[in-house]
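Step one of this worksheet: look at the structure below.
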């Protein structure tokens, strides 16, 4: 498959691959430096001397850690999130708009991260014998809650949504949902075009919050048949219950990760003179352990995700009966999003949670 922007997409992808390599080296390097230099111990000691409450001590520690880590990685994040996207014509945000969006993202991430870490350390302090099981259950619970509140609470923070007014298209998409035996609250337009030229559609939420989301960039450049097939793919994820399967697997997977952290911590907490995992001074090592375990498990997780994508592709073709329209939609998505048309197989195996678009199209056409 060759599209007009393939050479540009490859240049963009190569830059992204290099940035990924830098991040994979820089993050563990920063954590080791923060831990090994004594900064972590000093901040933990300051927090302990400032307040008596263990949860407040952790709060002060995490506030300092978060500010320092954010400032250290801000140049990299600024280049990847703003300058690179503008260089390749993907972003339409002015710098002031990017700053506003970044402030929202940082505040949301900080709030969620703080709540999760406070909960984790409360388990480490209060239930040291059972924390791995309880933390795994908590992780699954948080994932379910986030999936439910995403369309009504999280998405409006970043993008303006409104009911889609194209009655013919709404009827087409609702009929598609009915054929898939899935009920939806409604069909909504997402104003993505003020920020980017990228396009997408999604089925967001669970239960009574489930709704169809279609970006204005998709509406403006795709035919109704192509939009229908893109939604059919998302319906395939729902019909095959991919989210539920991922959540079921995340329970034992996270328990295994926490158990490995527990075993490994017996070595590094002693070497660092820490009282145990519940000591905030060892927070960088805790993050490093989780990062490395996640990195090891990433290829397996991505392989499962790619399998789910193949299933959703087949469902989309069978439900819509429009393989050519679906192939055309994927080709346009590749052009708009500057997807690498032919990523190296080892990169796809390690880091891609979707199959490469050209492979997807080759499979779709015979269907």
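The values are calculated or read from the model by the stated rules, or taken from the named source; none is laboratory data. All values derive from a computational prediction rather than experimental measurement. FYI the Cβ positions are ideal-geometry reconstructions off the backbone, even for glycines, and counts take in every protein chain you see.
Data for the structure
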{"quantity": "Filter pass, residue 307 being touching a residue at least 12 places away in the same chain (Cβ under 8 Å), surrounded by fewer than 17 Cβ atoms within 10 Å (Cβ to Cβ) and farther than 30 Å from residue 58 by Cβ", "calculated": "no"}
{"quantity": "Spans of helices (runs of 4 or more DSSP H) in segment 1-108 with at least 2 residues closer than 22 Å to residue 217 by Cα and over 23 Å from the mean Cα position of the chain (by Cα)", "calculated": "6-36"}
{"quantity": "Criterion violated by residue 226 - all others in (1) more than 21 Å from the chain's Cα centre (by Cα); (2) not in a helix (DSSP H, G or I) satisfied", "calculated": "(2)"}
{"quantity": "Segment 77-91: number of residues that are in contact with a strand residue (DSSP E or B) (Cβ under 6 Å, 6 or more places away or on another chain) and under 19 Å from residue 157 (Cβ atoms)", "calculated": "1"}
{"quantity": "Every residue from segment 48-67 that is surrounded by 15 or more Cβ atoms within 10 Å (Cβ to Cβ), touching a residue at least 24 places away in the same chain (Cβ under 8 Å) and closer than 19 Å to residue 111 by Cβ", "calculated": "57, 58, 59, 61, 62, 65, 66"}
{"quantity": "Selection count, segment 197-216, where residues are over 19 Å from residue 153 (Cα atoms) and either without any contact (Cβ under 8 Å) to a residue 12 or more places away in the chain or surrounded by fewer than 21 Cβ atoms within 10 Å (Cβ to Cβ) (or both)", "calculated": "4"}
{"quantity": "Residue match in segment 276-288 (condition: surrounded by fewer than 16 Cβ atoms within 10 Å (Cβ to Cβ) and modelled with pLDDT under 95)", "calculated": "yes"}
{"quantity": "Odd one out for residue 273, checked against (1) without any contact (Cβ under 8 Å) to a residue 24 or more places away in the chain; (2) more than 20 Å from the chain's Cα centre (by Cα); (3) part of a helix (DSSP H, G or I)", "calculated": "(3)"}
{"quantity": "Residues that are in contact (Cβ under 8 Å) with a residue 24 or more places away in the chain and surrounded by 16 or more Cβ atoms within 10 Å (Cβ to Cβ), drawn from segment 162-176", "calculated": "164, 169, 172, 173, 176"}
{"quantity": "Conditions (1) touching a helix residue (DSSP H, G or I) at 6+ places or on another chain (Cβ under 9 Å); (2) more than 28 Å from residue 332 (Cα to Cα); number of the one not met by residue 180", "calculated": "(2)"}
{"quantity": "Residues (surrounded by fewer than 18 Cβ atoms within 10 Å (Cβ to Cβ), over 23 Å from residue 140 (Cα atoms) and at pLDDT 95 or above) located in segment 217-262", "calculated": "223, 224, 225"}
{"quantity": "Those helices (runs of 4 or more DSSP H) lying entirely in segment 115-220 with at least 2 residues in contact with a strand residue (DSSP E or B) (Cβ under 6 Å, 6 or more places away or on another chain) and farther than 30 Å from residue 94 by Cβ", "calculated": "167-179"}
{"quantity": "Test for residue 75: is it under 27 Å from residue 345 (Cα atoms) and surrounded by fewer than 17 Cβ atoms within 10 Å (Cβ to Cβ)", "calculated": "no"}
